[in-house]
Amino acid sequence: MITNEFWLDRWKTGRIGFHQEGVNPKLIEFWPILPKGSSVLVPLCGKSNDMIWLAEQGYWVTGVELSSLAVIQFLGDNDLSYETYQQGELKIHTVNGLPLRIVEGDYFLFNETEFNACYDRAAMIAMPDSKRTEYVSHTLQRLSSTASLLLVSLHYDGDKQGPPFSVNDDSVVSLWGNQIQKIASENLALTNPQYKEEGHNIFEESVWRIQP
């Protein structure tokens, strides 16, 4: 059972293979051009440097993250000074000098709306099947009716159980609605021997977009 405690424990024990150093090249290649000052939501953000990149493009970035360790590491690793205040059960860390804040707490308790865009690199695929519909629905409720979404998803063969979980193309469309389009995909099993060794012939990373 994937619970909040599961993720908190992963951070405590340093089992964060999902964390990528540097900025995701797919974000740089496929992020839509939006007006400066657009608000961007990054659910289950971890300590991803993708948020720094988005803030440096002039967007107002809000990351939401359960683990206080991840938040502390993100702020510390990037030498960021910040102000913190409590809002109900959530802690808001606002960074000085960058249009960026991290909301610490359970994503399902985060209820702000009208975001202009959302970037999901490893959030949907972190959700087990039983929570995925709720996650997508909660995320869509956070966005304005004309929002852009950039989603990176995974689909793989074999009997591995996630996270990250495998989500096939049909499921992505049925979850997000048929406005979502696949714009790129790459079978990592062909280029990275690690996936072959784990028994995968297919380990496909796909990029999806909803564009207003």
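The values are calculated or read from the model by the stated rules, or taken from the named source; none is laboratory data. The model shown is predicted, which means the values in this text are computed figures rather than measured ones. When we count neighbours, we look across all protein chains shown, and the Cβ atoms used for this are built from the backbone with ideal geometry, even at glycine. For the accessible areas, the whole protein counts, side chains as well, though only heavy atoms, and no ligand, DNA or RNA atoms are used. Shrake-Rupley method; radii C 1.70, N 1.55, O 1.52, S 1.80 Å.
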- Query: Of all the stretches in the chain, which is the longest one without any exposed loop site, taking trypsin sites (Lys or Arg not before Pro) in a DSSP loop (any state but H, G, I, E, B) with at most 14 other Cβ atoms within 10 Å?
  - Reply: 37-159
- Pick the calculated Cα Rg over 2.2 N^0.38 Å for this structure from (i) 1.20; (ii) 1.04; (iii) 0.99? (iii)
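Between Ser137 and Asp169, 0.36 nm times their residue separation minus their Cα-Cα distance comes to what? Please list the in-between numbers first.
Details: separation 32, 0.36 × 32 = 11.52 nm, distance 1.76 nm.
Between Ser137 and Asp169, full extension yields 9.8 nm more.
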- Message: I'd like the accessible area for Asp169, computed on protein heavy atoms only with a 1.4 Å probe and all protein chains in place. Round to 10 Å², please.
- Response: 50
- Quick one: length gained pulling Ser68 to Ser144 fully straight, 0.36 nm per residue minus the C-alpha distance? 24.5 nm
- Task: Please give the direction-averaged projected area of the C-alpha convex hull for the stretch 30-118, in square nanometres with one decimal.
- Result: 5.5
- To the nearest 500 deg cm²/dmol, what mean residue ellipticity at 222 nm is calculated for the chain from DSSP H runs of n ≥ 4 alone, each contributing -39,500 (n - 2.57), summed and divided by the residues? -7500 deg cm²/dmol
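Can you count the Lys pairs in the chain with C-alpha separation below 21 Å, eight or more apart or on different chains? Walk me through the numbers on the way to the answer.
Details: Lys12/Lys47; Lys12/Lys91; Lys26/Lys36; Lys26/Lys47; Lys26/Lys182; Lys47/Lys91; Lys131/Lys160; Lys160/Lys196.
Step by step, the pairs that qualify in the chain add up to 8.
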- Task: Quick one: order Leu151, Leu34, Leu66, Leu109 from most to least accessible surface, probe 1.4 Å.
- Result: Leu109, Leu66, Leu34, Leu151
- Item | Inter-centroid distance (Cα atoms) of the stretch 170-212 relative to the stretch 33-63, Å | 22
- With each label point set 7 Å from Cα along the Cα-Cβ vector, what nm distance links Ile92 and Lys182? 4.0
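Report the GluC sites (Glu not before Pro) located in the stretch 74-178 that are in a DSSP loop and have at most 15 other Cβ atoms inside 10 Å of their Cβ, or state none.
Details: sites: Glu83, Glu89, Glu104, Glu112, Glu114, Glu134; in loops: Glu89, Glu112, Glu114.
Of the GluC sites (Glu not before Pro), the ones in loops of the stretch 74-178 whose Cβ has at most 15 other Cβ atoms within 10 Å are Glu89, Glu112, Glu114.
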